[in-house]
Structures are given as C-alpha cells and as structure tokens.
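Inspection log for the structure reproduced underneath, given as structure tokens.
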Amino acid sequence: LSRVILSRIFHYYVFAILRLPVKDTQCGLKIFYKNDAREISKRVRVFDWTFDISMIFHAMRLGLTPREIGIRWKDSKGSKLKITKTVPQMFLTVIGIWARDRYDKSQFFRVALDKIDRNLLNHSRKQE
C-alpha cells in the first residue's frame, strides 16, 4: 500500500515540477526513432531510477509527444528499489532535471549542476 501511495505522490510531484502529461513515467517501454533517441541521449544526465523521467522530459523538449499504451502490471517480491534511500534521491533528481533545463545557460549554475550530477551518478553506482 505504501508503494502505491508513494507512486501517486511522486506522479503529482513530477507533474508539478516538470509538467509531464504522462500517467506513469516509471513503468513501461520507451520507444524512439533512432535519430530522436540520439538527440535525447545527448541531453539525459541521470542514470538512476529517474532515467525514464529524464528521457520523457527531454523528448518533449525536442517537440516529441509521448503516447501511452496501458499494460497490466503485477508487482513482484524482491524489488531492488530501496524506498528510504531511493525515493528522496528521486525527488532531488527531478529538481535537478528542472534546474538544469532552466539555468543551464548560466555558467555559475552549470558548474554547480555538473558537480551535483557527478555526485548523483557516483551515488547511484554505489547502490548497484
């Protein structure tokens, strides 16, 4: 039950910060044309549980429109998601995606955001 509640809260948080009109950013397959995928991958800077959000966000910034197709999901035991460690990181990373998009033209913010990106990348590698 707590996972469902956290998922809903996170969905509304992502929508409020990034304005992604997607019901479920985490579950499902993301398919892109090769050239679009190359352009998106140049912009994606996170490689943790928010990778999907970053892909969708940057795809939309390139003018692409996401299309959702419903699937049936069955939750399985043994998830690698550690709620107490991962969820706070996900919330912070969403803010990072927004900040990088908004302030990337500023040299001061770019240096600070690059440092944050490196720290988050190192942190996510340690969790693997």
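Since every read-out is calculated from the coordinates, none of them should be taken as a lab result. Quantities reported herein were computed from a predicted structural model and do not represent experimental measurements. Counting neighbours? That spans all protein chains shown, and the Cβs are built from the backbone with ideal geometry, glycine included.
Sequentially through segment 12-24, phi angles give Karplus couplings (6.51, -1.76, 1.60; θ = phi - 60°) of 5, 4, 4, 5, 5, 7, 9, 6, 7, x, 10, 6, 9 Hz, Gly and Pro residues having no value and appearing as x. Using a 7 Å offset from Cα along Cα-Cβ at Arg102, what residues in segment 8-50 end up with backbone N under 12 Å from the label point? Zone members listed by number: 17-19.
With each label modelled as a point 7 angstrom along the Cα→C-beta vector, the Lys74-Leu92 pair spans 3.7 nm. Highest mean first, the peptides 46-54, 13-21, 66-74, 25-33 sorted by other C-beta atoms within 10 Å per residue fall in the order 46-54, 13-21, 25-33, 66-74.
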